[in-house]
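The values are calculated or read from the model by the stated rules, or taken from the named source; none is laboratory data. Computed from a predicted structure; not experimentally measured. So basically every Cβ, Gly included, is an ideal-geometry build from the backbone, and we count neighbours across all protein chains shown. Just the protein is used for accessible areas: all its heavy atoms, side chains included, with ligands, DNA and RNA removed. Shrake-Rupley method; radii C 1.70, N 1.55, O 1.52, S 1.80 Å.
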Amino acid sequence: MIRDMWEALRPRQWAKNIVLFAGLMFSKNVFDPVSLGRVAAAFFVFCVAASGVYLLNDYLDREQDRHHPRKKLRPVASGRIHPPVALSMSIFLMAWSLAAGFLVGINLFLTTALYLAIETLYSIVLKRIVILDVFCIASGFLLRVLAGVLVINVPVSNWLLVCTIFLSLFLALGKRRAEILLLQEHATHHRSVLSEYSLPLIDQMITIVTASTVLSYVLYTLSAETVSKFHTKNLLITSAFVIYGVFRYLYLIYQKNEGDAPDRLLFSDRPLLVNLGLYAAAVFIILYR
């Protein structure tokens, strides 16, 4: 039971919460123990909140998940965890995350509450509304980044928000494309909104957000605000890692038909993982040297 519940919490997907540290890195507060501790606490709060959302989603989608080749093996869909148990644990984790967020600070409490509200609405109804479902997925990443910034009380960079929005939409659209290819004629049995999408439509939207992601990041590194803040133009060098990461992900989506689970793809594809590590190292050296 404990092993099944741990699997249902999806600890691998906690990797998404690493983006909470983006604000810490770019605000040059990595070596501030207080800021580091507050972001670490926010990371833990969002891990608990996300697991509550995952359990709620598994509870509501248990019938549809049985039509998915991988999701049917999840503890709730497979019957290893009874639905009432999953729902009770989901409510407990969400309540606990709100209480913990409140203890850390009002900003984290409000961000966590907004995250839970959007994700709950998504699980109940918004995931059935075309295009809006993709924006809901992207909002989860945006709120994580916001939480990491607000919890240390530093100004929110518009560039950070823009880059996060486009990158999140890129990952969300790639997920939808992979689901259509993986499930094919059974796609609507698993997720009804997939009937509203087509590969040409998704490909066109991916083209738009791909170009926007790369362009917004390059413009961020070149902006007068960025150069003035960090006293260097060398951040442009890190654009190479961003471009490679986007291109590598496109390769995996279009050539390998992957992308339905971005977190799993990140840890299973070595070039992506190495590129992410090199990007983080380059940013750290440029900003903190």
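Brief remarks follow.
- Counting residues in segment 131-142 that are over 18 Å from G52 (Cα atoms) and in contact with a His (Cβ under 9 Å, 6 or more places away or on another chain) gives zero.
- Screening R248 with (1) free of Cβ contacts under 8 Å to residues at least 40 places away in the same chain; (2) open to solvent by 60 Å² or more (accessible area, probe 1.4 Å); (3) closer than 29 Å to L24 by Cβ gives one miss only, at (2).
- Among the residues examined, L265 qualifies as under 30 Å from L183 (Cβ atoms) and in contact (Cβ under 8 Å) with a residue 12 or more places away in the chain.
- Test: residue in segment 143-160 that is more than 27 Å from G101 (Cβ to Cβ), in contact with a Lys or Arg (Cβ under 9 Å, 6 or more places away or on another chain) and open to solvent by 20 Å² or more (accessible area, probe 1.4 Å): no
- Taken as a whole, the condition of being touching an Asp or Glu at 6+ places or on another chain (Cβ under 9 Å) and of a type in the set (A, V, I, L, M) applies to V193.
- Total residues in segment 74-97, condition touching a Ser or Thr at 6+ places or on another chain (Cβ under 6 Å) and open to solvent by 40 Å² or more (accessible area, probe 1.4 Å): 0
- Some residue of segment 204-212 being in contact with a Ser or Thr (Cβ under 9 Å, 6 or more places away or on another chain) and of a type outside the set (A, V, I, L, M, F, W, C): no
- Residues in segment 99-114 that are open to solvent by less than 50 Å² (accessible area, probe 1.4 Å) and assigned to a helix (DSSP H, G or I): 7 in all.
- Checked against the criteria, L108 does not count as under 16 Å from L169 (Cα atoms) and more than 15 Å from the chain's Cα centre (by Cα).
- Number of positions in segment 123-142 that are without any contact (Cβ under 8 Å) to a residue 40 or more places away in the chain, out of contact with any Lys or Arg (no Cβ under 8 Å at 6 or more places or on another chain) and open to solvent by less than 30 Å² (accessible area, probe 1.4 Å): 2
- Checking each residue in segment 232-245 for being over 15 Å from I206 (Cα atoms), open to solvent by less than 50 Å² (accessible area, probe 1.4 Å) and of a type in the set (G, A, S) picks out only S239.
- The single condition from (1) in a helix (DSSP H, G or I); (2) under 30 Å from P11 (Cα atoms); (3) open to solvent by 50 Å² or more (accessible area, probe 1.4 Å) that K229 fails is (2).
- Among the residues of segment 32-44, some residue qualifies, meaning at least one is β-branched (V, I, T) and farther than 30 Å from A178 by Cα.
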